[in-house]
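Asker: For reference, the structure I am asking about is given below.
What follows is calculated from the coordinates using simple rules that are stated; it is not laboratory data. Only a predicted model underlies this, so the values are computations on that prediction, with no experimental measurement involved. Cβ atoms come from the backbone with ideal geometry, glycine included; neighbour counts cover every protein chain shown.
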Amino acid sequence: MIVFNWVSNISSNLVELDLSSNYLEGPIPDHFGIMMNLLERIELSYNRFNGAILKSFSNICTLHSLNLLENDLSEDLASIFHDLSSGCVRFSIQDLDLRHNQITGSLPDLSKFSLLKTLHLSRNYLSGKIPESTRLPSQLEYLSLRSNSLEGRIPKSFGDACTLRSLDLSNNSLSEELPVIIHDLSGCARYSLQQLDLSRNRIKSTLPNLSVFLSLKSLYLHENCLNGNISEDVRFPSQLEVLYIKSNSLKGVIIDSQFANMSKLKSLDLSENSLTLAFANKWVPSFSLHSLGLRSCKLGAAFPRWLQKQNNLQIVDISDCGISDIVPKWFWAKLGILRTGRLNMSYNNLHGLIPNLPLKNAYRRLSLASNLFEGRVPLFLRGSTNLDLSRNKFSDFRSFLCANGMAKTLAKLDLSNNHLLGQIPNCWTHFKSLVYLDLSHNNFSGKIPASIGSLFQLQALLLRNNNLTGEMPFSLSNCRQLVMLDVRENRLSGPIPSWIGSQLQGLQFLSLHGNDFSGSLPLPMCYLHNIQLLDLSANNLSGKIPKCFKNFTLMARKTSLTENPRHKYNFTTGPTIYSGAYDLNSILMWKGVQQVFINSEVMLLKSIDLSSNHLSGGIPQEIESLIELISLNLSRNNLTGNIPSGIGRLGSLEFLDLSRNQISGSIPYSLAKIDRLTMLDLSHNNLSGEIPTSTQLQSFDATSYEDNLDLCGKPLDKLCIEEKPHQNPADKCLSGEDSFFSRGFYISMTFGFVMGFWGSFGSILIKRSWRHAYFKFVDNLTNKISTMVAMKFTNRDYR
C-alpha cells in the first residue's frame, strides 16, 4: 500500500503512528513491521483495512498498543492470534483493540501473550462455545467480548485470571445458571474483579450470594432469564457502586438489611421484576444514590420515606409501584432544587395538589402520567425538557402557559386526558423550543389559537377529542417541521386548507376524522410525498378522489424501523445542546373498532381512510401504485364505476372496505392474489357476476358481499347459473377435449379424405385398361343424362 511505503521512508525511528479515520483500505504490506521496528503505538481505527493485517505487525518487538477498531477484518480469531504469536510482538503487546470488525470463530488460548493487559473484541461475529481449554494471559486486566454470538458457559479458567479487573460478556447467548457462573469465577479473580457485565444473555436460575467478590464495584445482570425467589440470605459486595438486575423474572422480598454495608452504592435498578421492597419506615440507608430504578416493584401504599435522605438523586423511576399517597412537600422541594435528571412517578395513585415552588429548573424529563393530581399545573415545571402530565385531573394551565418569561428548554408537553376546559390560551410565543404538544382528550372549546403558529420547531400537534370549532388557522402553515397533525373528533369546519399540502410537505400522519370539513379534496394535498396515514373520514367532503394520490411515494415503498425508529430532536439554548426523542401514537378504525397504534406500529402503518363522506366518481386506477398500502377504507360514499382491475398489486393490503357505495361491475380476479387480506367488505354495492374462486375470497363471511343483487358464488347462498364454462379472456385459442373442433378432428378429416381419394382413383391412374374403361363409362353416362334432360324440356313445351 502506497501510504505505508511512504510512512516507512519517513523515519525508521518512528515511535507512534496515527492514521485513524482516513478511509484507508486494503491489506498492509508484510514488510512494514520490519522497516518500522521501533514503533510503540499504532492507531489505525475507523478505516477499511482487511486481509492478514496482524501478521504485518508480528515482528515489531517494541509494540505496546495496536488499535484496529472498526475496520473490515474478517479472519478467524484463532488465525489472527496465530499470526501475532509467530513473531516477537507477543512478548511486548499490552493493548489490542479489534472491536467492531467481522472477526469469526471463538476465543482461542491466549496464554502466550504474557504482557497483554487489555483486549477488546466486542461487536464481532464470534460464535459457539468458548473452549474449556482457553487460558487468559497472566497479566490480563480488561476483556470485552460484548455483542457477539457466544453461547454456553464461561470457562472455569476465567476464574483463575488473578489480575482480571473487568469482564464484559454482555449481549451474547450465554445460557448457564448464574450460581454456576459465580462459582466458576470465584477463584483468585474474586479478589481482583471490579466490573462484571453479564447483561442481555439467557442466564438462568436465581440470585446467589455475591459477597464473595471482595473488590466488585459494578455488577450488570439485567435482561436475562433469572427467576425464582431471592433469598433473604443473599448479600451483595460491600464495595458495590452499581447494581443492575432489571428486566428479569425474580420474585421475593428485599429487606433493608441486605443493603446494610453498601455505603458506596450509587446506582440501583431492580425494575421489571416481581419484587417487594420491605424497608422499615425509619430506615436510613447508608448510601447516597445518584440513580434509582424500581419500576413495577411493590413499594407499598405510602410514599417511601427513605428517599428523604437521598440528596443526590438525578435519575428516579418509581413508576407502577402501587403507591397511593400524597407526595410529601420535602420531595417536591428536592424536585425544585435539582437542575438535571429524570423522574418517573407515572402509573401510581398519587394525588393532591402540586405546590407552586420557586421558579428553578425541574428535572429535565418528568413524568407524572396516570395519577390523580389535580388543580393548577405549577409554574416551576416550565424548567423541564420533557413534561408528561397526561391522564390526571389537572383543570388549569393558564398561569403555566401565560406567565412572563420564556420556557427555553421545554421540548415535549403532554397534557392529554385531563380536565382542562374553555379556550386554549393564546400564549404559545413563550415556548419557542416546543417540538411535541398533546392537548388531546380534554374539554377545550373555541378556535385553535393563532399563536400556536409561532412554534416553528413543532413536529407533532395532537388536539384530538375536544370541542374545537372554526377553521384551521392559517398561522399553522408556519409550522413547517410538522410530522403529525391530529385534530380528529372536534367540530372544525370549512374547507381543508390547501396550505396543508403546499407548506407542510413533511407530514407523515394527518388525521381530520370526525369534523365538519366540507368541499373537495385540495389538489396540493398530493404534495404530501411522505404521508403514511391519511384519515379524512367522517366529514362532509365531496367531489372526486384525485388521481394524483399516486404521488404518496412513501406508501409505495417498504419502510424499515432502522430508517427512523423514533422521532428525534435537538436544539441549542446558550452554550447547552438539548437532544431527545419522542414516540407517536395514532388512532385508526381497524376491523370495526377504533384502535390505537403506538411506537413502532405507527412507523409501519400506511393507511388511507376517506370513509363516511360524500365523495363521488370512480376509484382512481392510479391507487394501484401504492403497493405498500396496508389499509384502504373508501366506504360510505357515493363512488361509482368499477373496482380497479389491478387492485391485486396492493400485495401488503390487510384491510379493504369499499362497502355502501354504488360500485358496479365484477370483482377483479387480481383481488384473490392479496394473501395478507384479513378484513374485506364489498357489501351494499351494485357488483355483479361470480365471486372469483380462491381460498382467500371464500374465507370471508357472506356479509362481506351482501346486498349486491347480481353477485353470486360462494360464500353467498346464491349460486351462479350454469352456462358455458368460464374461460379466461387471455385464453383465446381453443384446445384439448373442451373443443369439438379440436386439432385431432381436423387431422382425422384430412387423413380420411386422402385415403378415400387414393383408394378410388389411385388404381385408375396406375392401370391403362381400367382408365380407358372408366372414361368410357363416364362419357356414356354423360350422353344418357343429356338426352333425358332434353326430352323432359321438350314434353314441357308441348304442354
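Asker: What distance in nm separates the two pseudo spin-label positions at residue 78 and residue 225, each 7 Å out from Cα along the beta-carbon direction?
Answerer: 2.8 nm
Asker: Explain nothing, just compute: Karplus ³J(HN,Hα) = 6.51 cos²θ - 1.76 cosθ + 1.60, θ = phi - 60°, for every residue of the stretch 165-174 in order, whole Hz, x for Gly and Pro.
Answerer: In residue order, the calculated couplings are 9, 9, 10, 10, 10, 5, 6, 10, 10, 5 Hz.
Asker: Another question about this same structure. Of all DSSP beta bridges in the stretch 406-617, what percent run antiparallel (nearest 5)? List each step's numbers first, then the result.
Answerer: On the way: 13 of 46 bridges.
Approximately 30 percent, going by the DSSP bridge assignments.
Asker: Another question about this same structure. Hey, which of these cross-link pairs are over 28 Å Cα-Cα: 204/266; 129/264; 264/412; 432/558; 282/412?
Answerer: Working: 204/266 26 Å; 129/264 36 Å; 264/412 35 Å; 432/558 35 Å; 282/412 38 Å.
Distance filter (> 28 Å) returns 129/264; 264/412; 432/558; 282/412.
Asker: Let me ask something else about it. Express the Stokes-Einstein translational diffusion coefficient of the stretch 365-405 in µm² s⁻¹, to the nearest whole number, given a Kirkwood radius over alpha-carbon pairs, 25 °C and a viscosity of 0.890 mPa s.
Answerer: Numbers: Rh = 10.6 Å.
For the chosen part, D equals 231 µm²/s.
Asker: Moving to a separate point now. Any idea how far apart residue 576 and residue 544 come out in nm if each label point goes 7 Å out from Cα toward Cβ?
Answerer: With each label point 7 Å from Cα toward Cβ, the separation is 5.6 nm.
Asker: Something else about it: Please rank 183, 290, fewest neighbouring Cβ atoms within 10 Å first, as an exposure proxy.
Answerer: Working: 183 14, 290 18.
The order, fewest Cβ neighbours first, is 183, 290.
Asker: Here's something else I'd like to know. Show me 484-496, 273-285, 256-268 ranked by packing, highest mean number of other Cβ atoms within 10 Å first.
Answerer: On the way: 484-496: 19.9, 273-285: 14.8, 256-268: 17.1.
Peptide ranking by packing, descending: 484-496, 256-268, 273-285.
Asker: Let me ask something additional. With each label point set 7 Å from Cα along the Cα-Cβ vector, what nm distance links residue 162 and residue 593?
Answerer: For the pair residue 162/residue 593, the computed spacing is 6.7 nm.
Asker: Add +1 for every Lys or Arg and -1 for every Asp or Glu among the other residues with Cβ under 9 Å from the Cβ of residue 144, and state the total. Each step should come with its number before you reach the end.
Answerer: Details: positive: 99, 146; negative: 168, 197.
Result for the local shell: 0.
Asker: Provide the percentage of antiparallel DSSP beta bridges, counting only those with both residues in the chain; round to the nearest 5. Walk me through the numbers before you get to the answer.
Answerer: Values: 13 of 135 bridges.
That works out to approximately 10 percent antiparallel.
Asker: A further question on this structure: Need the full-extension length gain, residue 702 to residue 302, defined as separation in residues times 0.36 nm minus the C-alpha distance. One decimal, nm. Write out the running numbers ahead of the final one.
Answerer: On the way: separation 400, 0.36 × 400 = 144.00 nm, distance 5.69 nm.
This chain segment gains 138.3 nm when fully extended.
Asker: When the helices in the chain are scored as -39500 (n - 2.57) per DSSP H run of 4 or longer and the sum is shared across all residues, what 222 nm value do you end up with, to the nearest 500 deg cm²/dmol? Working shown, then result.
Answerer: Details: 12 runs with 116 residues, N = 799.
Helix contribution divided over all residues of the chain: -4000 deg cm²/dmol.
Asker: Sort 80-87, 642-649 by packing, meaning the average of other beta carbons within 10 Å per residue, with the highest value first.
Answerer: Working: 80-87: 18.9, 642-649: 17.4.
Final packing ranking: 80-87, 642-649.
Asker: Then there is this: For the stretch 411-444 and the stretch 265-318, write down the distance between their C-alpha centroids in whole Å.
Answerer: 32 Å
Asker: In the chain, if the dipole is taken from +1 on Lys/Arg beta carbons and -1 on Asp/Glu beta carbons about the Cα centre, which of 304, 466, 697 is farthest to the positive end?
Answerer: Ranked along the dipole, the leading option is 466.
Asker: Report, in whole Å, the centroid distance computed from the Cα atoms of the stretch 52-105 and the stretch 117-155.
Answerer: Answer, in whole Å: 15.
Asker: Starting from 0.36 nm per residue, how many nanometres of slack lie between residue 664 and residue 457 once their C-alpha separation is accounted for? Don't skip to the end; give the middle numbers.
Answerer: Numbers: separation 207, 0.36 × 207 = 74.52 nm, distance 4.78 nm.
This chain segment gains 69.7 nm when fully extended.
Asker: A further question on this structure: Determine, from the Cβ-Cβ distance of residue 232 and residue 325 and an R0 of 22 Å, the FRET efficiency 1/(1 + (r/R0)^6), rounded to the nearest 0.05. Let's see the in-between values first.
Answerer: Working: r = 27 Å, r/R0 = 1.20.
It comes to 0.25.
Asker: Just the Cα atoms of the chain, one point each, no solvent: what log10 I(q)/I(0) does Debye give at q = 0.05, 0.08 Å⁻¹?
Answerer: Calculated log10 I(q)/I(0) at the listed q: -0.47, -0.96.
Asker: Quick check: residue separation of residue 211 and residue 286 times 0.36 nm, minus the Cα distance between them. What number comes out in nm?
Answerer: Details: separation 75, 0.36 × 75 = 27.00 nm, distance 1.74 nm.
Residue separation times 0.36 nm, minus the Cα-Cα distance, leaves 25.3 nm.
Asker: Please list, or write none, the aspartates and glutamates whose alpha carbon is within less than 15 Å of the alpha carbon of residue 568, excluding same-chain residues fewer than 8 places away.
Answerer: Straight-distance partners of residue 568: 583.
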